[in-house]
Amino acid sequence: MKPAAFDYHAPGTVEEAVALLAELGDDAKVLAGGQSLIPMLALRLTAFDHLVDVCRIPELQGVQQRDGGVRIGAAVRHAQVGTSPEVAAAAPLLTLATPLVGHFQIRNRGTLGGAIAHADPAAEYPAAALALDATMDIASPTGRRTLTAQEFFTDLWTTAMEPDEMLVGVTFPAWGGRSGFAVEEFARRHGDYAIAGAEVAVELDETDRVRRCAIGLVALGPTPERPREAEAELVGRPVSEIDPAEVGRLAMAGLTAVTSDGNGSADYRRRVGAAMVARAWTRAVADASTEGAA
Amino acid sequence: MTAAATGDGRVEAGGATRYAGTRIGRVEDPRLLTGRGTYVDDIRLPGMLHAVFVRSPVARGRILGIDASAALALPGVRHVFTAADLNPDVREQWHTSVGPKSPETPRPPLADTDVRFVGDPVALVLADDRYLAEDAAELVEVDYEQLPAVVDYTRAAQAQELVHEAHGSNVVGQLAGRPAATLADVFAGAAHVVTDTIHQQAHTAVPMEGRGMVVDYSASTGELTIHAATQAPHEIRLFCSRLLGLPEHRIRVLMRDTGGGFGQKVMVQRDEMALMLVARRAGAPVKWVEDRRENLLAAGMSRHEHADVSMAFDPDGLILAASIDFVSDCGAYPTPWPVGTSAAVGMLFPGPYRVPAASFTATTVYTNTAGRVAYRGPWQFETLAREVLLDNAAREMGMDPAELRRRNLLRTDELPFANPNGMTYDRITPLETFEQALEMLDYDAFRAEQARAREAGRYLGVGMSTYVEPSTPGYGSYATEAATIRIEPSGKVNVYIAGGSTGNSIETTVVQLTADVLGVAIEDVATIQGDTAVTGFGAGTAGSRSGSMTAGAVRDTATILRERMIAIAAHKLEAAPEDIELVRSRASVRGVPGASVTVAELAATAYFDPYSLPPGVPAGLEASARYTAETRSVWVNAAHVCTCEVDPVTGGVTLLRYIVSEDCGPMINPSVVEGQIAGGTVQGIGGALLEHLAYDEDGNPTATTFVDYLLPTATDVPVIEYGHIETMSGGPGGYKGVGEGGAIGAPPAVVNAVADALAPFGARITRLPLTPESLAALVPPEALR
């Protein structure tokens, strides 16, 4: 379990980093915390001649309030995300999801950008990004562009980024008013990838109807999933008339590519997924309700 | 008798001072807890090369050719050895505890013509560092003709393909007790008969440190030094001397710290043989450290088995007969010959119950998977099968499972008791430990809580198990254990035992026991273990024998020195020997204040002033003795009680409380005893819920990292609560073995708790592990409101 030899690069700027990526092409891989990449290298499941460590680039650091939301640098560690007051104020779903990411040693090294760019459907941050309509700031040798989360996640461990592009930061818009958030996951053990999980945000209006809601699904397809039809069915309804079990069923209804593996068949994942959605919905609604009754 | 703890941890009771029985802090802890243990990978010798195995990627196949030229061309790569290079050097190949005449599976150190499991060692690469060696291993081209593999052990006996063609069958062996047909009338006439087929999945020891070895041969002296991760340094030396034809006394095996063994490191396996064989050919010391992937691929598999089990009961629930037909998967290269251990499953199936009649068969089969190796309580399946069956019987009979056990458990007034397979139990307390565990839980209160929870839609359960196991084998190479004790000229004491720290705290208990017998302060005692150059032969850590056997060796050796010290002190103090007492490194005349001499003064006399010694007392204070076990085994028993909550939607299990009441006799160190119980229990919980060394239908292992091989973590295990009953064994100090029991008792307690929780759904659990999906499948969606 020793990796094959590679050259290590630690560029100081985004421009240097993308120039390296462009120059080295397929022989290079971005190293952004290494909590997935390094084990794969050590097991020789993959090999790269060059690793470009982006964690020392100043532009990729820090958490800033921006346009009522929060912008998180791609190299910000999970541990920082989980303890940031700015994140907790603007995107509580991320704060709630963070303790479920691996173990604390992993959260001390792993980065938000690394997790999102790795695009594992069983990971917590990609689903949160999708649910919260986060936007991805991306750099390439020819300039910058921004993608929505929906555009960003294209397939299993695959994003819309080109090989010479890198993720610089992610912006999460804030939810205002009477909003509530909850994350529910079921895994074999604490810290394992979830068998299924749900990240729910809900905003109630002054009459306790659902003003808007968002459901991010974990480990229920090749990408993080978002059951938009289910969300649409719930908006406008009095929250007291919504059976959480129905929310779970609705959320599972549109899923077409639930995976089967050693930890669970597709049918079982749907059963667990529906329960996680129902439980997260219940807690998110309770959280929203504490924001001041109508 | 009243006892009071003193500042240094001794117990002063009735005027005597003892360290045994107290929670002395572990001698091992300062170095282990600060990360300064010395494991194989910490050994660094000048010029040392690093070994990596090329392993078979196919489960069954023929080796058509091996081309190592690309690997050898890589700078820094020194050797690539294959079977043709190494295997002809083998002289003899047998394990001491098994003997030369056992019908063993032929074990080529490196695969010669055939590979028989994924991970089978095919070639050994030596390079300047481990990275280079792994690079080179990838460049060794092995041409395989892949053949259909025997993977499903339940069909192996009928398979066309043979794992070992020369053996002529995939059945390794079969043993049987009383024929089942002779019990047919008992079963036919019984008020209740319960029958199940119970399956256990492959899982294994998974020590924190994998196997590993540094071999260092000196051509100029003809001496071979081996640093090994092992439970039995002397066995490595003996085995190696036979393997290489080197005289035993030219080999020295050293082990300071070993990061767990649990049975996996009792016996030399093929990979380690290959290391021994390269020692004389490498021209430099060679290190091999098994990484996690290799450990899960090739260090061995355990527990993969099933049985058809039945019990007959009278109308009151008293057991009339028990029957087990047991089949176990032994993989391609079991170590050792597995037939004997499989018979133990049959012999022990009646357990600590009043079972008047029993039958068994035990069948072992080869498959193209990792070989079966010992794992903490190797016959553990007897307890799993019996205790799960008893709970199913209780449910079928409408009887409380605690009451069913209570009616059948042996009482101390019935001992000794010969079980129907001829195992005679004595000095055990099955009923007492069981009642203690239930009382610690407050069983009735839990049942009431369970009923309230069910009304609220929550599913709690309680499971229990009891077992009796033979510890401390007293036959063959296991029958003796030696100690050498030197009270040095300064009065400081060194105890030399074969021992070796694999996590069983034998350094601590040896120091405690020695200080007690010699009457010296514990800080004056140190121990040197795990070095064959300075310790007498010992069979190592196996069969829950270290504490109880070493206690005998220490007692017999220290008694010699104690008598000698008393003789010298009596002579010096002009008192009668019977009036001398030894307390905290000082010999005093009882009842005469001020008449005393220190152990250091006694030692100085013994070494430096030999003409002042009393007549007949030899110079020096050094002694060696070898203790011989008085019985073939020392019985030890325990009861486990576990409670849990099961989420009926996800099938997730949360363990709530875990209680163990055990009787290992007097405890040398309760913290060590509880540590042993905890470790075994956690492994048993892992086996019941998580761990699975799985293969696909082609024989490819699917759990080769800790992403897929799931070990229990701190968050999966509740605080374990301990109850102790102390019944003296017939051996030294009354001590019994406690190393394995936790792993035996835990799996059925967990299974029974989960089954109890899901009883409202009519669930019956007969297959491990209890994955969430398998449990959820017991609860149909329509049952969930």
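The values are calculated or read from the model by the stated rules, or taken from the named source; none is laboratory data. No experiment lies behind these values; they were computed from the predicted model shown. In this analysis, Cβ positions are derived from the backbone assuming ideal geometry, glycine residues included, and neighbour counts consider all displayed protein chains. Accessible surface areas use protein heavy atoms only, side chains included; no ligands, DNA or RNA. Shrake-Rupley method; radii C 1.70, N 1.55, O 1.52, S 1.80 Å.
Structure summary
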item	result
For B:Asp120, residues with placed amide H under 5 Å, excluding near neighbours	B:Ser56
For segment A:60-216, fraction of C-alpha pairs farther apart than 18 Å, in %	56
All-pairs alpha carbon distance profile, segment B:536-685, 10 Å steps from 0, percent	9, 25, 20, 19, 14, 7, 4, 2, 0
The protein assembly as shown: C-alpha gyration tensor shape, a/c 1.5 cut-off, then a/b vs b/c	prolate
Heavy-atom accessible area ranking, 1.4 Å probe, most first, across B:Thr650, A:Thr83	A:Thr83, B:Thr650
Area accessible to solvent at B:Trp94, 1.4 Å probe radius, in Å²	60
Amide hydrogen neighbours beyond the local backbone of B:Val634, cut-off 5 Å, H modeled	B:Ser471, B:Thr472
Distance between modelled label sites at B:Asp42 and B:Arg767, nm, 7 Å Cα→Cβ extension	4.5
Residues whose placed amide H lies under 5 Å from that of B:Arg252, excluding near-sequence neighbours	B:Leu224, B:Thr225, B:Ile226
Binned Cα-Cα distances of segment A:108-152, short to long, each 10 Å bin given as a whole percent	27, 53, 20, 1
Heavy-atom accessible area ranking, 1.4 Å probe, most first, across A:Phe186, B:Phe381	A:Phe186, B:Phe381
Accessible surface of B:Asp112 - all protein chains present, 1.4 Å probe, nearest 10 Å²	80
Cα-based shape type of chain B, given that a ≥ b ≥ c are square roots of the gyration tensor eigenvalues and the cut on a/c is 1.5	oblate
Net charge, A:Phe48 excluded, C-beta distance under 13 Å - Lys, Arg +1, Asp, Glu -1	-3
Net charge of neighbours whose Cβ lies under 10 Å from the Cβ of A:Gly177, counting Lys and Arg as +1 and Asp and Glu as -1	-1
Label point at B:Glu141 placed 7 Å out along Cα→Cβ; residues across segment B:68-101 whose backbone nitrogen lies under 16 Å	B:68-74
Projected-area average for segment A:178-289 over all orientations - Cα convex hull basis, square nanometres	6.2
Cut-off 14 Å between beta-carbons: net charge of the residues surrounding A:Arg144, Lys and Arg +1, Asp and Glu -1	-4
Dipole in debye (nearest 20) - the protein assembly as shown, about Cα centre, beta carbon charges: Lys, Arg +1; Asp, Glu -1	1980
B/A buried area, accessible surface, summed, 1.4 Å probe, Å²	2100
Shape of segment B:43-152, Cα gyration tensor, a/c cut at 1.5	oblate
With DNA, RNA and ligands ignored, accessible area of B:Phe537 (1.4 Å probe; Å², nearest 10)	50
Calculated from backbone phi, Karplus (6.51, -1.76, 1.60) coupling profile of segment B:164-172 in Hz, x at Gly/Pro	10, 4, 5, 6, x, 6, 8, 8, 5
Segment B:15-103 - convex hull of the alpha-carbon atoms, volume per residue in Å³	319
Inter-site label distance for B:Arg406 and B:Leu711 at 7 Å from Cα along Cβ, in nm	4.0
Options B:Thr204, B:Pro30, B:Ala184, ranked by Cα towards positive dipole end of chain B, top entry (Cβ charges)	B:Pro30
Extreme residue, positive dipole direction of segment A:7-53, given options A:Gly34, A:Pro11, A:His50 (C-beta unit charges)	A:Gly34
Normalised contact order of chain A, rounded percent, pairs of Cα under 8 Å and 6 or more residues apart	16
Solvent-accessible area per residue for the protein assembly as shown (1.4 angstrom probe, square angstrom)	37
Test item: Cα-centred dipole of chain B, Lys/Arg +1 and Asp/Glu -1 on Cβ, debye	1260
Student exercise, segment B:475-628 dipole from Lys, Arg, Asp, Glu Cβ charges, in Debye to nearest 20	180
Chain-alone versus full-assembly comparison, segment B:744-785, residues with accessible loss of at least 30 Å² (1.4 Å probe)	B:Pro772, B:Glu773
Phi to ³J(HN,Hα) by Karplus 6.51 cos²θ - 1.76 cosθ + 1.60 over segment B:409-423, Hz, x for Gly, Pro	5, 5, 9, 5, 6, 9, 8, x, 10, 8, 6, x, 9, x, 8
Given charges at Cβ of Lys, Arg, Asp, Glu: chain B dipole, positive-most of B:Leu318, B:Phe262, B:Thr480	B:Thr480
Accessible heavy-atom area order of B:Tyr722, B:Tyr611, B:Tyr443, highest first, probe of 1.4 Å	B:Tyr611, B:Tyr722, B:Tyr443
Accessible surface of segment B:475-628 [probe 1.4 Å, protein heavy atoms]: carbon and sulfur percent	54
J(HN,Hα) series, segment A:41-46, from Karplus relation 6.51 cos²θ - 1.76 cosθ + 1.60, nearest Hz, glycine and proline x	5, 5, 7, 6, 7, 8
Simple spin-label estimate for A:Glu241 and B:Asp442 in nanometres, 7 Å along Cα-Cβ	4.7
